[in-house]
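Okay, structure first, notes after.
The values are calculated or read from the model by the stated rules, or taken from the named source; none is laboratory data. This structure is a prediction, so every number in the text was calculated from the model and none was measured. Note: ideal-geometry Cβ built from the backbone for every residue, glycine included; neighbour counts use all protein chains shown. Heavy atoms of the whole protein, side chains included, go into the accessibility calculation; ligands, DNA and RNA do not. Shrake-Rupley method; radii C 1.70, N 1.55, O 1.52, S 1.80 Å.
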There are 2 protein chains.
Amino acid sequence: MIVGVLGPAGSYSEKAAKGWISKESKSEGTSLVYYDDINDTFTSVINGDSDIGIVPIENSIEGSVGITLDLLLESEITIIGEIVVPIGHCLLSKGEIKDIKIIMSHPQALGQCSKFIREHFKNAEIRTTGSTSHAAKLANEFCEMAAIASKESAREYGLKILVPNIQDWEKNHTRFIIIKQGKWKEDEACVPENDTCKTSIIADIDEDKPGSLYEIIGEFAKRDINLTRIESRPSKRSLGDYMFYIDIEGSTGDADIKDALYYINLKVSMLKVLGSYNGYKLDN
Amino acid sequence: MIVGVLGPAGSYSEKAAKGWISKESKSEGTSLVYYDDINDTFTSVINGDSDIGIVPIENSIEGSVGITLDLLLESEITIIGEIVVPIGHCLLSKGEIKDIKIIMSHPQALGQCSKFIREHFKNAEIRTTGSTSHAAKLANEFCEMAAIASKESAREYGLKILVPNIQDWEKNHTRFIIIKQGKWKEDEACVPENDTCKTSIIADIDEDKPGSLYEIIGEFAKRDINLTRIESRPSKRSLGDYMFYIDIEGSTGDADIKDALYYINLKVSMLKVLGSYNGYKLDN
């Protein structure tokens, strides 16, 4: 099995991938292929170059990863699992703190450490990279460059950990999803392996009348189905027009969820089921 | 009146500020002060260095501006108005297209043009700046640098427009809010000047039971109050725990909105009214 992940080596995506593979006991015959960015990782799955792909979707400090949400809407893929990974950003460099003039990382990581950067490196130049580990790889070149990345990246690219745990809030987790080629099919219901069966949908509520979102989530509420997440994302049609990304607890195999989705489908202009899947959480 | 905006000159924030000042007929005795980033603009209002501040909150392609949402929660400020500005990003440089090795802009603008960048400048180095106009100012230094910014920025910093209208979707608008010092007070209801009176709140729904968000928006739905926006933002407490940012049509002076807010306040652990205000839209 080929697993496409956001690379290079040492990335949090790699940690997520290794964690998921071990939880699913799929280590044998599995190899990781590293991609430059989230877009390329999706493309490798859509084209069949990777059997599955692992990409970040949400962080506990910075919120949703916009590009992942957009690609979930545009692409014919299915979510088959999720894994939550603890994040511990460090300031890494070959040089010393006084040398640092440039700080590099993925935009999400820069956002997660924005207070730290403002307080200590107000005048540094900020550069974005496709992943945190890519920043670490680049930081190996000059002493005046620092990367915000994991301690694994420090080891991988021979950098010193100048400051550990620099995120703005103590608790920092990222949720990754595991995707495969092709649209979700009705027979692909999650079979509960633990308590965390989850179903993800996108609903396009085109009417601008009061109560339309209310009616949609009411179909879940009246069946006691717990919403674990609701996120709006611009539809790109016009300002104030949104798609809603909704995660609920339970499997599409459950009668009440089947019912709720049936009635929601009648009320929206588009309903896309992204998948019905199990989840894991990695320890620190 | 001192108006704090995200600078330097030529920024979309400046366009928003000038537009709002003219709509409100407050040009006389008004001067703009430019700040490096959104954080500094907020601080200038909180400290009283600026009488009002103008900051971006939402874009029709990239969605919410996370730092603005976080600062609205943390700060004692009131929203007193909004203005929607059409965005037309251009690729600007002193050099030619073949020279470009570095592309700079604000992370939101980079996100709004991500397809363009991927297609035409896959190998360029991406650098983020505090604003689009700051990128234009920097691009004046080297021919190998390009900025993604407005045509006004091109004029301001002597750059050529290499490619106009490079955003990934034809329609691109950013909504800016006008903020002033101090918490919102009950007597600060919007007096409708046109049809666009709006009220913005943040609700912290701490209980993880099915239906809690449903009950909150039900208070609006059953009074036929239109939700124009609902956005979740991580509470930073743990993954899966959110604050909800909700915009509704109407003024806190309306009896039904007063009622709805009263009952919502009983159901949530925190309700913050950000303001009740009029809005404008600038033409292309």
Single residue of the range A:254-275 satisfying the filter (of a type in the set (Gly, Ala, Ser) and in contact with an Asp or Glu (Cβ under 9 Å, 6 or more places away or on another chain)) that is surrounded by the fewest Cβ atoms within 10 Å (Cβ to Cβ): A:Ser269
Tally, over the range B:267-281, of residues that are out of contact with any Phe, Trp or Tyr (no Cβ under 7 Å at 6 or more places or on another chain) and within 14 Å of another protein chain (Cβ to nearest Cβ): 3
Quickly run through the range B:201-231 and pick out the residues that are β-branched (Val, Ile, Thr) and either in a loop (DSSP other than H, G, I, E, B) or more than 9 Å from chain A (Cβ to nearest Cβ) (or both). B:Ile201, B:Ile202, B:Ile205, B:Ile216, B:Ile225
Would you check which residues across the range B:19-38 are touching a residue at least 12 places away in the same chain (Cβ under 8 Å), within 18 Å of B:Thr174 (Cβ to Cβ) and not aliphatic (A, V, I, L, M) and list them? B:Gly19, B:Trp20, B:Lys23, B:Tyr34, B:Tyr35, B:Asp37
So A:Leu72 clears everything in (1) touching a residue at least 60 places away in the same chain (Cβ under 8 Å); (2) within 16 Å of A:Thr132 (Cβ to Cβ) except one condition, right? Which one? (2)
Across the range B:36-75, what is the total count of residues that are open to solvent by 50 Å² or more (accessible area, probe 1.4 Å) and either of a type in the set (Ser, Thr, Tyr) or closer than 23 Å to B:Leu271 by Cβ (or both)? 5
Regarding B:Gly81, is this residue in a strand (DSSP E or B), away from chain A (no Cβ under 12 Å) and in contact (Cβ under 8 Å) with a residue 60 or more places away in the chain? yes
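Per-residue answers, yes or no, for (1) more than 12 Å from the chain's Cα centre (by Cα); (2) farther than 23 Å from B:Ala136 by Cβ:
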site	(1), (2)
B:Gly4	yes, no
B:Lys23	yes, yes
B:Gly53	no, no
B:Pro56	no, no
B:Ile61	yes, no
Of these, A:Leu69, A:Leu73, which one is within 10 Å of chain B (Cβ to nearest Cβ) and among the hydrophobic types (A, V, I, L, M, F, W, C)? A:Leu69
Having 3 or more residues that are of a type in the set (Gly, Ala, Ser), without any contact (Cβ under 8 Å) to a residue 24 or more places away in the chain and open to solvent by less than 40 Å² (accessible area, probe 1.4 Å) is the bar; report the helices (runs of 4 or more DSSP H) wholly within the range B:105-195 that clear it. none
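This table checks each residue for (1) over 30 Å from B:Ile61 (Cβ atoms); (2) facing chain B (nearest Cβ under 9 Å); (3) aliphatic (A, V, I, L, M); (4) part of a strand (DSSP E or B).
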{"site": "A:Thr199", "(1), (2), (3), (4)": "no, no, no, yes"}
{"site": "A:Arg233", "(1), (2), (3), (4)": "no, yes, no, yes"}
{"site": "A:Gly240", "(1), (2), (3), (4)": "no, yes, no, no"}
{"site": "A:Asn265", "(1), (2), (3), (4)": "no, no, no, no"}
Kindly indicate the residue of the range B:1-30 that is open to solvent by less than 50 Å² (accessible area, probe 1.4 Å) and among the hydroxyl-bearing types (Ser, Thr, Tyr) and also farthest from B:Val85 (Cα to Cα) among those meeting that condition. B:Thr30
Residue list for the range B:242-263, restricted to those being over 30 Å from A:Val84 (Cα atoms) and either among the polar types (S, T, N, Q) or within 10 Å of chain A (Cβ to nearest Cβ) (or both): B:Asp247, B:Ile248, B:Glu249, B:Ser251, B:Thr252
Within the range B:228-241, considering residues that are open to solvent by less than 20 Å² (accessible area, probe 1.4 Å) and among the hydroxyl-bearing types (Ser, Thr, Tyr), the one nearest to the chain's Cα centre (by Cα): B:Ser232
Condition set within 12 Å of chain A (Cβ to nearest Cβ) and hydroxyl-bearing (Ser, Thr, Tyr), scope the range B:27-61, selection nearest to B:Ile246 (Cα to Cα): answer is B:Ser60
